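**Student:** Below: one structure in structure tokens.
The values are calculated or read from the model by the stated rules, or taken from the named source; none is laboratory data. Note that the structure is a prediction, hence the values are computed from the model and not measured. Reconstructed Cβ throughout: ideal geometry from the backbone, glycine too, with neighbour counts over all protein chains shown. Ligands, DNA and RNA are excluded from the accessible area calculation, which covers all protein heavy atoms including side chains. Shrake-Rupley method; radii C 1.70, N 1.55, O 1.52, S 1.80 Å.
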Amino acid sequence: MRQAGRYLPEYRALRAKHSLLQLCHEPELAAQATLQPIARLGVDAAIIFADILLPFEPLGLGLSFAAGEGPQIARPIRSPAQVAQLPPVDPERDLAYVLAAVRLAARALPVDLPLIGFAGAPFTLASYAIEGGATRTFALTKRFMHDEPDAWHALLGRLAELVGRYLGAQAAAGARALQLFDSWAGCLSPEDYRGLVQRHSRRALELALSAGVPVIHFGTGTAPFLADFAAAGGDVIGVDWRVPLDEAWRDIGDRAIQGNLDPALLLGPRDALLERTRDVLRRAARRPGHIFNLGHGVLPETPVEALQAVVEVVHGG
Ligand code: CP3
């Protein structure tokens, strides 16, 4: 999940001097942003500072981040011909700067603090590539998916190979766990997830698993088809707050789980926040294989002290 970000004063100070893409492109700066929240929060793992959309640069889609508006794709994919014309991408060469940041951050962390590498899942990446930015309805994505099934599968197939190899390269560079983010899979019907998406996530996860480190498969809004989501693969299944942790655990069977405090609770009264934190822990009931986490990323308005208080409770304070 996002650890760095606007809630953190030292991150805002870095961002005052550099754009988001500059921070990502410059391994020393990316490693610095990776380490910032670790010292502050006392969490048990670090996540490399990067973005799921970085592969769009070597894919030639044109990536930028506009203040307050999120990602913008200059040349979104709207036709089968554009899919056929996507250039080959070699993560070792074309995303070498991320791998350099992974090496630096992994070396700088204490041995008991693993670094998590990550990538976007084929569906979530395709949705940005087609929409050209954030969307509420996913209308263009869904239209493409149903109008052009061959091109859709070609696109997700390309993305699956790319992110699978990219995750493997991050493990080779020193990441000790990998996370695949299917942040927007929850916009799909169970039928469309199974028929048009699942096999591509499975392929990406298969490639990632062959790197030999634990793989976390994260999504939001996946409760209605969680068993299918879990069946795509991953050693750990990440869930958001829309489903109680114990119920989600029943759906995924004999597998580890990550989650699932609502990040918005960090904005409210401290008592309620800590009570809900304990509730997540109660539902995990000390069964092995629970990674306590937020159900999604930290919101920019979040007070640092609220995060620190949650970490303390999770650590048994
Ligand atoms: O510690 C960390 O923050 C790890 C690095 C990280 C970033 N993005 C940096 C970033 C991670 C893990 C991501 C993943 C990511 N990026 C996802 C998947 C996880 C999720 O949140 O669902 C997605 C969907 C993206 C795409 C993306 N990047 C969006 C939608 C935005 C805009 C968000 C906003 O509030 O405007 C970004 C920008 C981005 N990537 C920020 C950070 C810290 C925002 C802060 C900034 O502008 O400096």
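**Student:** Quick check on the range 144-163. Is at least one of its residues open to solvent by 30 Å² or more (accessible area, probe 1.4 Å), within 16 Å of the ligand (Cβ to nearest atom) and not basic (Lys, Arg)?
**Tutor:** no
**Student:** Further question: Can you find even one residue in the range 116-125 that is of a type outside the set (Asp, Glu), within 20 Å of LEU63 (Cβ to Cβ) and free of Cβ contacts under 8 Å to residues at least 60 places away in the same chain?
**Tutor:** Within the range 116-125, not a single residue is of a type outside the set (Asp, Glu), within 20 Å of LEU63 (Cβ to Cβ) and free of Cβ contacts under 8 Å to residues at least 60 places away in the same chain.
**Student:** Pick from the range 181-204 the residues that are closer than 20 Å to GLY295 by Cα and hydrophobic (A, V, I, L, M, F, W, C): which of them is surrounded by the fewest Cβ atoms within 10 Å (Cβ to Cβ)?
**Tutor:** Of everything passing the filter in the range 181-204, CYS187 is surrounded by the fewest Cβ atoms within 10 Å (Cβ to Cβ).
**Student:** Could we say that GLY259 is touching a Ser or Thr at 6+ places or on another chain (Cβ under 8 Å), closer than 16 Å to LEU226 by Cβ, open to solvent by less than 60 Å² (accessible area, probe 1.4 Å) and within 16 Å of the ligand (Cβ to nearest atom) here?
**Tutor:** no
**Student:** Just need a number here: residues in the range 42-60 that are more than 10 Å from the ligand (Cβ to nearest atom) and open to solvent by less than 20 Å² (accessible area, probe 1.4 Å).
**Tutor:** 3
**Student:** Right, next: Against the condition within 19 Å of SER183 (Cα to Cα), touching a strand residue (DSSP E or B) at 6+ places or on another chain (Cβ under 6 Å) and part of a helix (DSSP H, G or I), how does PHE229 come out, does it pass?
**Tutor:** yes
**Student:** Farther than 22 Å from ALA208 by Cβ, surrounded by 14 or more Cβ atoms within 10 Å (Cβ to Cβ) and within 11 Å of the ligand (Cβ to nearest atom), is that true of LEU23? Let's see the steps before the verdict.
**Tutor:** Working: farther than 22 Å from ALA208 by Cβ: yes; surrounded by 14 or more Cβ atoms within 10 Å (Cβ to Cβ): yes; within 11 Å of the ligand (Cβ to nearest atom): yes.
Considered against the rule, which asks whether it is farther than 22 Å from ALA208 by Cβ, surrounded by 14 or more Cβ atoms within 10 Å (Cβ to Cβ) and within 11 Å of the ligand (Cβ to nearest atom), LEU23 comes out as yes.
**Student:** Being surrounded by fewer than 16 Cβ atoms within 10 Å (Cβ to Cβ), small (Gly, Ala, Ser) and in a helix (DSSP H, G or I), is that true of even one residue in the range 127-138?
**Tutor:** no
**Student:** Right, another one. I'm trying to understand the selection: among the residues of the range 15-64, which are part of a loop (DSSP other than H, G, I, E, B) and of a type in the set (A, V, I, L, M, F, W, C)?
**Tutor:** Those that are part of a loop (DSSP other than H, G, I, E, B) and of a type in the set (A, V, I, L, M, F, W, C): VAL43, ALA45, ILE48, PHE49, ALA50, ILE52, LEU53, LEU59, LEU61.
**Student:** Additional query: Determine which member of the set LEU180, LEU207 is within 16 Å of the ligand (Cβ to nearest atom), touching a helix residue (DSSP H, G or I) at 6+ places or on another chain (Cβ under 7 Å) and closer than 16 Å to LEU125 by Cβ.
**Tutor:** Only one candidate qualifies: LEU180.
**Student:** Yes or no: GLU69 near the ligand (Cβ under 10 Å from one of its atoms), more than 24 Å from LEU261 (Cβ to Cβ), acidic (Asp, Glu) and open to solvent by 70 Å² or more (accessible area, probe 1.4 Å)?
**Tutor:** Considered against the rule, which asks whether it is near the ligand (Cβ under 10 Å from one of its atoms), more than 24 Å from LEU261 (Cβ to Cβ), acidic (Asp, Glu) and open to solvent by 70 Å² or more (accessible area, probe 1.4 Å), GLU69 comes out as yes.
**Student:** Still on this structure, I have one more. Can you find a residue in the range 217-227 that is surrounded by 23 or more Cβ atoms within 10 Å (Cβ to Cβ), more than 17 Å from VAL314 (Cβ to Cβ), under 16 Å from the mean Cα position of the chain (by Cα) and among the small types (Gly, Ala, Ser)?
**Tutor:** yes
**Student:** Any idea which of (1) within 11 Å of the ligand (Cβ to nearest atom); (2) under 18 Å from ALA108 (Cα atoms); (3) open to solvent by less than 20 Å² (accessible area, probe 1.4 Å) is the one ALA31 doesn't satisfy?
**Tutor:** (1) is the only condition that ALA31 fails.
**Student:** Here's something else I'd like to know. From VAL102, VAL83, VAL98, grab the single residue that is outside any strand (DSSP E or B), more than 15 Å from the ligand (Cβ to nearest atom) and open to solvent by less than 30 Å² (accessible area, probe 1.4 Å).
**Tutor:** None of the others qualify; the one that does is VAL83.
**Student:** Being at pLDDT 95 or above, within 26 Å of ALA4 (Cα to Cα), in contact with an Asp or Glu (Cβ under 8 Å, 6 or more places away or on another chain) and open to solvent by 40 Å² or more (accessible area, probe 1.4 Å) is true for just one of PRO303, PRO214. Which residue is that?
**Tutor:** On the way: PRO303 fails: in contact with an Asp or Glu (Cβ under 8 Å, 6 or more places away or on another chain).
Answer to the check: PRO214.
**Student:** Only one of LEU207, LEU113 is farther than 25 Å from ALA81 by Cα and buried (at least 18 other Cβ atoms within 10 Å of the Cβ); which?
**Tutor:** Going through LEU207, LEU113 in turn, the sole match is LEU207.
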